[in-house]
Amino acid sequence: MTNKKEKYSKDEVFQILFDRIMNGGYAPGDRLTEQMFAEEFNLSRTPIREVLLQLAALRLVTLSPNKGAEVVGLSCDDVEEMYDIRDSMELLALESALPNIKLQELTYLKNKVKSIDKDSDLSQIAKVDHDLHSYIATCSNRPRLQAILNQLFTLIIRNSSFPFPKKERLEQIRAEHLAIIDALFVRDEQKAKAVLHEHIHNSKVAALEFMFSKK
């Protein structure tokens, strides 16, 4: 339970509730109401309602008139589907993005990736991961595609319930990101798509292995 005397922003409330659902703090079937969170976070019911709508858009809860929200959560099948959709959508985004990608921005992203090491915390790793994938989506100049990918990035990259990557996977992630950036730098679409596909596949396997281990 959070400190009721402290007032939270809507974004902070979203992240707190998102994390609680993703890490099992709320189980599927649990009821969430505007009133319970308005009291906990010292906010009016309007921003709480907007947060619940955001969670519903991510299919983490379902909303019922006068009954609040019911937690849905994510199953292994849901995670597999999200990664498969992400794979297809990101490869499509990369095709459109390639002519618009700036080499100076790639250099900046490469330096950020290279700064990741065994002492980096999960939030830093997640931010660098998000920055790279989000940049590709943005450069596609396809707003609907970008919106779909942003939703998936929220569910996957922003998911703090996944554990800190093992040393081997952390080094693999770093190598995959650098390979993607290097391929983009020389405008090698086929190489970039192949490495991106492998990166997303490996991330899916790691996520599924973790979720299955909790069963």
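Counted by Cβ distance under 9 Å from C139, the other residues give a net charge of 0, where Lys and Arg count +1 and Asp and Glu count -1. Shown here for the stretch 1-105: trypsin sites (Lys or Arg not before Pro) in loop regions (DSSP other than H, G, I, E, B) with at most 13 other Cβ atoms within 10 Å, namely K4, K5, K7, K67, K102. Dividing the Cα radius of gyration of the stretch 56-127 by its Kirkwood radius returns 1.14 for Rg/Rh.
Remark: F185, F18 ranked as F185, F18, counting other beta-carbon atoms within 10 Å and listing the fewest first.
Among K166, K112, K204, the largest mean-square fluctuation in a Gaussian network model of the chain (Cα springs under 10 Å) belongs to K166. Within the P(r) computed for the stretch 10-71, what percentage of the Cα pairs occupies the region above 15 Å? So the portion of pairs separated by more than 15 Å is 42 percent. In the chain, Cα pairs under 8 Å separated by at least six residues give a relative contact order of 21 percent.
Per-residue extension of 0.36 nm, minus the Cα-Cα distance of K102 and K166, leaves a gain of 19.8 nm for this segment.
A short reminder: the numbers here are calculations on the coordinates, not readings from a lab. Quick caveat, the model's predicted, so the values are computed rather than measured. Glycine also receives a Cβ, built like all others from the backbone with ideal geometry; neighbour counts cover every protein chain displayed.
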